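Below is one structure, written out as C-alpha cells, with a few remarks after it.
The values are calculated or read from the model by the stated rules, or taken from the named source; none is laboratory data. Source: prediction; values computed, not measured. Using ideal geometry, Cβ is built from the backbone for each residue, glycine included, and neighbour counts are taken over all protein chains shown. Please note that ligands, DNA and RNA were not included when accessible areas were found on the heavy atoms of the full protein model with its side chains. Shrake-Rupley method; radii C 1.70, N 1.55, O 1.52, S 1.80 Å.
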Amino acid sequence: MEKFIEFLKEGLSELVENGLNASLPLLNADASTTSIIIEIVATFVVQLLIFLVLFLVVRFKFWNLVTNFIESREKQVDEAIAKKDEAETKLEALEVEASKVIDDSKVRANQIIEEARKVTLNEVASIKQDAFEEIEQEKNKAKEQLAHERAKMEEQIKEEIVDVALEISKNIVGREIDQSKNQDIIDEALNKLGEKND
C-alpha cells in the first residue's frame, strides 16, 4: 500500500511538472492566444485522462482493500459497542442481584433478631415460671413447716395444760390423780378448748 502511494505521488508530481513545462514555453512564445488555449486544454485533457486512469486503477485494484479495512474497522467498533452494552447489562443485572441480596440479608437479619427476641422472651417466661414454681414450693414448704411447728407447739401446750390441770386438780382434790385413768376426761376438755380457740 505504501509503495502504491509513493508511486502515485511520483506520477502526479511528474505529471504536474510535465504539464507546466509544456505550458510555459507556449506562454513565453509569440504564439497566438488560441493556440495557447488549445495547448492548455489539451494538457488539461491529458492530465484528466491520466487522473481517471489512476482513479480507475485505484478503484478496482485497491478500493476493495480500503473498503474491507473500513468494514473490518466498523465491525470492530460495533463489536466493542456490543461488548460495552453487554457489560452494562451484566452490571445492571449484578446491581439488581446485589440489591436483592442486600434486601434478603436485611430480611434474614430481622428474622434472626425476631427469633432471638422470641427465644429470649420464652426463656424469660420460663425463668419466671421456674422462679414462681420455686417460690410456690418454698411457700408450701414454709406453710408445711409452720403447720408442723404449730402442731408441735399445740401438742406441747396441751401437755403443759394437762400437767398444769393435773397439778391444780391434785391441789384441789388433795390426792394423786392417775392420768391414764382420766385420759378420756382430759382429751374431752382439750378438744373443747381447741374448738374455742379455732
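Of the peptides 86-96, 42-52, the ranking by mean beta-carbon count within 10 Å, highest at the top, reads 42-52, 86-96. Here the extension length gained between E167 and L49 equals 25.6 nm, from 0.36 nm per residue of separation less the Cα-Cα distance.
If you plug the beta carbon distance of V119 and K83 into 1/(1 + (r/R0)^6) with R0 = 41 Å, you get a FRET efficiency near 0.20.
What a 1.4 Å probe finds exposed on the range 62-153 is 59% carbon and sulfur by accessible area, rounded to a whole percent. Once the chain from R73 to R108 is taken as fully extended at 0.36 nm per residue, the excess over their C-alpha distance is 7.5 nm. Note that the range 117-127 has calculated 3J(HN,Hα) couplings of 5, 4, 4, 4, 4, 5, 5, 4, 4, 5, 5 Hz, one per residue in order, obtained from phi through the Karplus relation 6.51 cos²θ - 1.76 cosθ + 1.60 (θ = phi - 60°); glycine and proline are x. Summarising the label geometry, the points placed 7 Å from Cα in the beta-carbon direction at Q129 and V101 lie 4.2 nm from one another.
Coupling constants for the range 153-158 follow from the phi torsions by the Karplus curve (6.51 cos²θ - 1.76 cosθ + 1.60, θ = phi - 60°), and in residue order they are 5, 4, 5, 5, 4, 4 Hz; glycine and proline get x.
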